[in-house]
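The next block holds one structure in the form of structure tokens; read it before the comments.
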Amino acid sequence: MFDVHVHAAPDVLDRIGYDDQIGASYAAAGYSGFVLKAHHESTVGRASALSRSSGLEVVGGLALNRAVGGINPAAVLSALSTGGRVVWFPTADSHTQETAELPRLGDLDGRLDRSVLSVPPILAADDPAAKDVAFVLDLIAEHDAVLCTGHVSGAECRWLLDEALGRGIDRFLLTHPSYTVPGMGAGEIAELAERGAHVEITAYQLLHQPGMTAARLAAVARAAGSRLVLASDAGQPDSPEPPAALEQLISALTAEGVDPGRLRDAASDTPRRLVLP
């Protein structure tokens, strides 16, 4: 088993355990590894240290939020040149996050402004920031890294897939597309999966997303076809330990009639092929 989306302390939000504690839970559950994610800092160094000490395949990356300079080619080059494998487009600082009133770094201190990030078509094509978006996409292609869409809108996800395909990027993951942000429907998800996007469903959605049901997630799983990726997105104090959260998701989807063998593959071989070089 291999989890492509987990959070650990230290973080600006409370987490269920530190890197080594989360790693120990995966080792005890027999996982081969996982992707360590943080919204406001690179996890490349943390993942490398944990991988060396634990023997697990622990992968780090960078989410393109304001704390790392936003959609910042310098930060991406640094992360990918030091072993990072995953780049998430804006999450906590996406314009969608602000509109949906989901947690942001500025919630910790009102002196921070509430500016947000976007990519085309929300970001104007002639905006100077569009050059940085293109540069980041080029770097992802050149390093054969994984492009995750983060919390940007459905229209932006579609634009990112168009740009990725044009650059030969085939490691492309729609970050929980049926979550509140971006809030994509099964039909649109199926269309993008047919074009080559992998589709993430997370245990966090099952456990915490308002209005989400196992039946709705099963419909997304069917829409994703062979491009399905299951992840925990766990690490919150009010969630089970990440391996247990992912097992809970698999059990719930199995109960909805999704083939359990396909679900196991979506939490093991498929994400390992997607992420590991």
Please give the strands (runs of 3 or more DSSP E) falling wholly within segment 171-277 in which 2 or more residues are in contact (Cβ under 8 Å) with a residue 40 or more places away in the chain. 198-202, 228-231
In segment 129-180, what residues are open to solvent by 30 Å² or more (accessible area, probe 1.4 Å) and either aliphatic (A, V, I, L, M) or modelled with pLDDT under 95 (or both)? A129, A134, A141, A155, L165
Which residue, of A8, A24, A29, A100, is in contact with a strand residue (DSSP E or B) (Cβ under 9 Å, 6 or more places away or on another chain) and either among the basic types (K, R) or within 21 Å of Q236 (Cβ to Cβ) (or both)? A8
Filter pass, V58 being out of contact with any Pro (no Cβ under 8 Å at 6 or more places or on another chain), at pLDDT 95 or above and open to solvent by less than 10 Å² (accessible area, probe 1.4 Å): no
Name the residues in segment 12-26 that are farther than 19 Å from L249 by Cα and either without any contact (Cβ under 8 Å) to a residue 40 or more places away in the chain or crowded, with 24+ Cβ neighbours inside 10 Å (or both), would you? Y18, D19, D20, Q21, G23, A24
How many residues are of a type in the set (G, A, S) and under 16 Å from the mean Cα position of the chain (by Cα) when one looks only at segment 135-163? 4
Which listed residue is in contact with a helix residue (DSSP H, G or I) (Cβ under 7 Å, 6 or more places away or on another chain) and either open to solvent by 60 Å² or more (accessible area, probe 1.4 Å) or more than 19 Å from V4 (Cβ to Cβ) (or both), from E41, E98: E41
1 or more residues in contact (Cβ under 8 Å) with a residue 60 or more places away in the chain and among the acidic types (D, E): qualifying helices (runs of 4 or more DSSP H) within segment 53-147: 129-142
When segment 75-96 is checked residue by residue, the ones that are farther than 17 Å from D132 by Cα and in contact with a Lys or Arg (Cβ under 6 Å, 6 or more places away or on another chain) are A92
Evaluation of A244 against (1) open to solvent by less than 10 Å² (accessible area, probe 1.4 Å); (2) hydrophobic (A, V, I, L, M, F, W, C); (3) within 26 Å of S25 (Cβ to Cβ) (one fails), failing number: (1)
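The values are calculated or read from the model by the stated rules, or taken from the named source; none is laboratory data. What you are looking at is a predicted structure, and each value in this text was computed from that prediction instead of being measured. We place every Cβ from the backbone using ideal geometry, glycine too, and count neighbours over all the protein chains shown. For accessibility, only protein heavy atoms count, side chains too; no ligands or nucleic acids. Shrake-Rupley method; radii C 1.70, N 1.55, O 1.52, S 1.80 Å.
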